[in-house]
Amino acid sequence: MPPSRSVTPLRAPDRTPLLFTVNMGLEDVAVDEFRERAGAAGLDVTDTDEAPFGLQSYALVEVDAAPEDALHLARQMRSVHHVLAPLYTFTLSTDGEEALQTIHDTVAALDVAAMETAGTFRASSVRQGTHDFTSVDVQTWAGGALDARYDASVDLEDYDVEVRVDVRDDRCLVSVQHTREALSRRQLEGYQPRAALKANVAYALLRLAHLDVPPDTLLDPFCGSGTLLLEAAALWPDTQCYGNDWNEEAVAGARQNVEAAGLSDQITIREGDAWQLADTFADVTADLIVTNPPFGVRMASSMDFYPFYRRVLGQMAEVLRPGGLVVMLVLRQGPFNTVLGESEQFTSRHVRAIEIGGLYPYVFVLERT
């Protein structure tokens, strides 16, 4: 350990802290999911933080359990990308060259137990804020420090240990990453359109309904590859799920994905225009609608979202029972708020912004009146 007072150790013998990387705006979903899983496993969560060390897109939990038990539970998470074991945090100078030197010298003096037995390693970094250096610079200086101290060689592909050295403003966080492949990278086999929703975001949207009991019937009017439906079926095995898409290729692809998952009895995909949703699903009354309508990024200059949202909400009201909920991603908040203000069929229960691939859509949770 370096003598600098700016270094704060984050490990303790009586608890195991875990750090999750998530989409910004979904930090609380990750905390709630881990609490639920820990409770079911009989583990006590002693502390949580939805903005640990001032970092966005991270969630911290501390659990009264051995590291191997806590990590076993963490690897089952569905709302997160990666699982990290936080080790140390320390402050940096605002001068870029001095900050990089501090990263090198501090990392070189830190005890990283996982490196003691590693044959190969890699250093990675996520940088947030304004700096005179890049994430690659951080990786290079931190990696050089680890290489000099430990008897392990750098291997960016076939590594035994990944040490994360993340920087936000004047704060540096050193962790060991315990997931090689992101937990959100599931459902990648079969049909996958370019703009498909990530599985962890789909799972989070389902949880944001905050239901006391699982719905009997769920509908996704813009189902695409079926990601939301597959996540819903995994979360609620007794829920009957329906998907709809106007695109013939998407319908065929979603059906292929459902069949490959062995869920054809639980998930039904229909082909139809969302503007005629009530006709396509005349035989269905949904308890919950969860959906990701087109953002219109490539057609934003020509698409009028006001009539689009008005017609879509009107059709949803036709197939949703009174008291039922809609959880919907909305990029164009202005026209959506106008439509919602004019609607006598829905009231807003919750709104939040999240980050998806550099875009910042809003999640709206609506109740059918």
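Could you please give the count of residues in the range 138-179 that are over 16 Å from L110 (Cα atoms) and of a type in the set (D, E)?
6
Just give me the residues in the range 54-77 being open to solvent by 60 Å² or more (accessible area, probe 1.4 Å) and either in contact (Cβ under 8 Å) with a residue 12 or more places away in the chain or in a strand (DSSP E or B) (or both), in sequence order.
Of the range 54-77, the ones open to solvent by 60 Å² or more (accessible area, probe 1.4 Å) are 56, 64, 68-69, 72, 75-76.
Passing the criteria: Q56, D64, D69, R75, Q76.
Could you check, for the range 218-232, whether at least one of its residues is open to solvent by 40 Å² or more (accessible area, probe 1.4 Å) and not in a loop (DSSP other than H, G, I, E, B)?
No, the range 218-232 contains no residue that is open to solvent by 40 Å² or more (accessible area, probe 1.4 Å) and not in a loop (DSSP other than H, G, I, E, B).
If you scan the range 1-53, which residues turn out to be more than 18 Å from the chain's Cα centre (by Cα), buried (at least 20 other Cβ atoms within 10 Å of the Cβ) and polar (S, T, N, Q)?
T16
Which ranges mark the strands (runs of 3 or more DSSP E) fully within the range 274-369 that have 1 or more residues being free of Cβ contacts under 8 Å to residues at least 60 places away in the same chain, touching a Leu at 6+ places or on another chain (Cβ under 7 Å) and open to solvent by 40 Å² or more (accessible area, probe 1.4 Å)?
Numbers: elements: 286-291, 320-330, 346-353, 362-368.
Ranges flagged: 346-353, 362-368.
Taking Y203 as the residue in question, decide whether it is among the aromatic types (F, W, Y) and crowded, with 22+ Cβ neighbours inside 10 Å.
Details: among the aromatic types (F, W, Y): yes; crowded, with 22+ Cβ neighbours inside 10 Å: yes.
Judged against the criteria, Y203 is a match.
Quick check: is even one residue across the range 101-112 of a type in the set (G, A, S), open to solvent by 10 Å² or more (accessible area, probe 1.4 Å), under 17 Å from A152 (Cβ atoms) and touching a strand residue (DSSP E or B) at 6+ places or on another chain (Cβ under 9 Å)?
Keep residues of the range 101-112 that are of a type in the set (G, A, S), which gives 108-109.
When the remaining residues are screened for being open to solvent by 10 Å² or more (accessible area, probe 1.4 Å), the result is 108-109.
Next, only the ones that are under 17 Å from A152 (Cβ atoms) stay: 108-109.
Then keep just the ones that are touching a strand residue (DSSP E or B) at 6+ places or on another chain (Cβ under 9 Å); that gives none.
Checked against the condition, which is being of a type in the set (G, A, S), open to solvent by 10 Å² or more (accessible area, probe 1.4 Å), under 17 Å from A152 (Cβ atoms) and touching a strand residue (DSSP E or B) at 6+ places or on another chain (Cβ under 9 Å), the range 101-112 yields no hits at all.
Here's the yes/no breakdown for (1) assigned to a strand (DSSP E or B); (2) at pLDDT below 95; (3) in contact with a His (Cβ under 8 Å, 6 or more places away or on another chain):
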residue: T102; (1), (2), (3): no, no, no
residue: D105; (1), (2), (3): no, no, no
residue: A108; (1), (2), (3): no, no, no
residue: R122; (1), (2), (3): yes, no, no
residue: V136; (1), (2), (3): no, no, no
residue: W141; (1), (2), (3): no, no, yes
residue: A145; (1), (2), (3): no, no, yes
residue: E162; (1), (2), (3): yes, no, no
residue: V174; (1), (2), (3): yes, no, no
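The values are calculated or read from the model by the stated rules, or taken from the named source; none is laboratory data. These numbers were taken from a predicted model, which means no experiment stands behind them. Don't worry about glycine lacking a Cβ; one is built from the backbone with ideal geometry, like all the others, and counts go over all protein chains shown. Side chains are part of the model used for accessible areas, which takes the heavy atoms of the whole protein and leaves out ligands, DNA and RNA. Shrake-Rupley method; radii C 1.70, N 1.55, O 1.52, S 1.80 Å.
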